[in-house]
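Below is one structure; the comments refer to it alone.
The values are calculated or read from the model by the stated rules, or taken from the named source; none is laboratory data. Everything quoted here is computed from the prediction, not taken from an experiment. All Cβ positions, glycine included, derive from the backbone under ideal geometry; neighbour counts span all protein chains shown. Areas reflect the complete protein model, heavy atoms only, side chains present, ligands, DNA and RNA absent. Shrake-Rupley method; radii C 1.70, N 1.55, O 1.52, S 1.80 Å.
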Amino acid sequence: MGENGAGKSTLMKCLFGIFHPDAGKVFFKGKEVRFRGTKDALETGISMINQELLNVPERTVAQNVWLGREPFRGAGNHFINHKKMISDTAALFKELDWDISPVKKIKDLSISEQQGCEIAKATSYGASVVVMDEPTSSLSEREVDHLFRIIRDLRTKGVSIIYITHRMNEVFQIADEVTVMRDGMNVGTYKASDLNEDKLISLMIGRVSTQRFPEITTEPGEIRLTVEHLTSSNPGSFKDVSFDLRKSEILGIGGLVGAQRSELVESVFGLRKTTDGGKIVINGEEVKIRKPKDAINNGIGLITEDRRGTGLFPLMSVAKNTSIASLQRYLNKFHLIRHTEINSEVVKLNKLLNTKTPGMKTVIQCLSGGNQQKVIFCRWLMTEPDILIMDEPTRGIDVGAKYEIYNIMKDLVAQGKSIIMVSSEMPELIAMSHRVAVLCNGRLTGILSKKDATQAAVMRLATRFTKD
């Protein structure tokens, strides 16, 4: 456990051979080991599920699971035995009780299914130690319970698990011991039974935390955005969804995995096609949003659910990732970029969100997941949107950073901005929203006011299945 930037993932990457430590030793089963790369770690008996999904989207599930260790048709034969690879994958998923087709392309799977493939791949090595870095960040509550059953089964077989998470309840469900890191240092190792949530948070952030969510006191104003009868062009997606968003309001969108929440907000942003029947109205005027540029020109920003897949430019700097959506605003009369102004704004915003980075020129893939998320947040703040759509904005972010994000949201609505927030974390959804709209099976099943938005009420609407 530890805040973003505490060094958890970096430490595990040293263990797994991705990074090479400058000092210190690693002992495995009593013997010192030195890994030149991940292949050495895997052959020794250590596997790892990375925080960011490291798959090959255009390849099938089976090809991703057995990547680099494909079965061949015989000794000396260099033709891959695809039939065996598919059957072995099917057997692996059957053992794990995961219903994922081996022949489906990874790009056609949901984020949670892709995460399931990574978990299956890590366990398929037969390792003695499995490192899981934020394995549940994209999983539903039911899928998390499923993963915990797999973990407990691995434990009975003598497998050791190193488990990194920001979800407090998970730690107390499965951990025997908890090691806390802060600013790259080991704060200490404790029995999980000797800790509670408040004590663990104070160890992580170095101070006593008394408040999880800020109080949102801003009263919503006039209607800013109206969505009428919006229907996806994909028959299996959302249908006939209508809602409005007011000035200075946070509208939460809840629902279970598969409810089509992301598909809905991405359609509002122009990333997905809709039928001609629906309408989007901004400040009383109907607008046509056919692509993201149309949304940006109409004052809408989107923080996507899949940070790695659709949010980051991993080989570009923090500065370029922050400013890339705002370049048009910083052109002079000769159509040249005013770099001094851009750099000043980039520094100001990342300082505001307390982004932990060596500098603005640092390549963004070198940052922790939570700090990458902060940079994406800065990107859309830099466009000065009137409407900011946030799809799982605090996924993979520690409690301290979450509170910073919540305060930014509070400040934005106080300034008159409007926010649509998709969240799978029920306490966050209820505490941070003025109203909660709930989807089930692609249909809007209800909109709850602040006083009516209880966990039970949200779950009732989230499970109220409707027919097409």
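Odds and ends about this structure:
- Once the C-beta distance of Lys31 and Thr179 is scaled by a Förster radius of 22 Å, the resulting FRET efficiency is 0.50 to the nearest 0.05.
- Protection-proxy order for peptides 197-204, 250-257, each taking the mean of Cβ atoms within 10 Å per residue, highest first: 250-257, 197-204
- Using just its DSSP H runs of length 4 or more, each adding -39500 (n - 2.57), the chain gives a mean residue ellipticity at 222 nm of -10000 deg cm²/dmol after division by all residues.
- Tilt relative to the chain, helix 399-414 - C-alpha long axis, 0 to 90 degrees, to 10: 10
- Heavy-atom accessible surface of Asp240, to the nearest 10 Å², is about 80 Å², with a 1.4 Å probe and all protein chains retained.
- Around the Cα centre of the chain, unit charges on the Cβ atoms of Lys, Arg, Asp and Glu (plus for the first two, minus for the last two) sum to a dipole of about 980 debye.
- Cα centroid separation, region 415-431 to region 39-59 (Å): 34
- Taking the C-alpha atoms of region 419-468, convex hull volume expressed per residue in Å³: 70
- Ranked order, Val129, Val268 - accessible area, probe 1.4 Å, largest first: Val129, Val268
- Helix 82-95 and the longest principal axis of the C-alpha atoms of the chain enclose an angle of approximately 80°.
- Cα gyration tensor shape for region 340-414, rounded if a/c is under 1.5, else prolate or oblate: oblate
- One chain, two ends: Asp194 and Glu95. Fully extended at 0.36 nm per residue, the span grows by 32.2 nm beyond their Cα-Cα distance.
- Once the Cα-Cα distance is subtracted from the 0.36 nm per residue extended length, the Arg149 to Gln455 segment shows a gain of 107.7 nm.
- Ranked by the mean number of other Cβ atoms within 10 Å of their residues, highest first, the peptides 110-119, 455-464 come out as 110-119, 455-464.
- With the simple spin-label model, which puts each label point 7 Å out from Cα in the Cβ direction, the Leu327 to Asp22 separation comes to 3.5 nm.
- Degrees between helix 369-382 axis and first principal axis of the chain (Cα, 0 to 90, nearest 10): 20
- Rounded to the nearest 20, the Cβ-based charge dipole of region 124-170 about its Cα centre (Lys and Arg +1, Asp and Glu -1) stands at 220 debye.
- By the Stokes-Einstein formula, at 1.306 mPa s and 10 °C, region 1-159 with its Kirkwood radius over alpha-carbon pairs has D equal to 94 µm²/s.
- Eligible lysines near Lys157 by straight Cα distance, threshold 21 Å, same-chain separation 8 or greater: Lys29, Lys94, Lys121
- For region 383-468: rounded, prolate or oblate by the Cα gyration tensor [a/c cutoff 1.5]: prolate
- Three principal axis lengths of the chain [C-alpha, angstrom, descending]: 68, 54, 49
- Computed about the Cα centre, the dipole magnitude for region 292-358 is approximately 220 debye when only Lys and Arg (+1) and Asp and Glu (-1) carry charge, each at its Cβ.
- Additional length obtainable on full extension of the chain from Gln365 to Phe313, 0.36 nm per residue less Cα span: 17.9 nm
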